[in-house]
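Following: one structure in structure tokens, then a few remarks.
The values are calculated or read from the model by the stated rules, or taken from the named source; none is laboratory data. Note that the structure is a prediction, hence the values are computed from the model and not measured. Ligands, DNA and RNA are excluded from the accessible area calculation, which covers all protein heavy atoms including side chains. Shrake-Rupley method; radii C 1.70, N 1.55, O 1.52, S 1.80 Å.
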Amino acid sequence: MSYPLPGPPPNPADAIDGALARLDGLENVPLDEHVARFDAVHATLTDALSSIDKV
């Protein structure tokens, strides 16, 4: 059985940067895919922001 190694918690800023990067090039994505992309970014940002305060 393996256990996770101790260390610092993930940096929420990394998740935020990754989410915002998903918006790059949005003008080249078909319009019908925009809502799914926005929903995914919103979910990632919500998770990252809630992890900051451990809410």
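Filtered by the rule that a residue be open to solvent by 100 Å² or more (accessible area, probe 1.4 Å) and among the aliphatic types (A, V, I, L, M), the range 2-32 gives Leu5, Leu31. Does the range 33-50 include one or more residues that are among the hydroxyl-bearing types (Ser, Thr, Tyr), outside any helix (DSSP H, G or I), on the phi < 0 side of the Ramachandran plot and at pLDDT below 85? Among the residues of the range 33-50, not one is among the hydroxyl-bearing types (Ser, Thr, Tyr), outside any helix (DSSP H, G or I), on the phi < 0 side of the Ramachandran plot and at pLDDT below 85, which makes the answer no.
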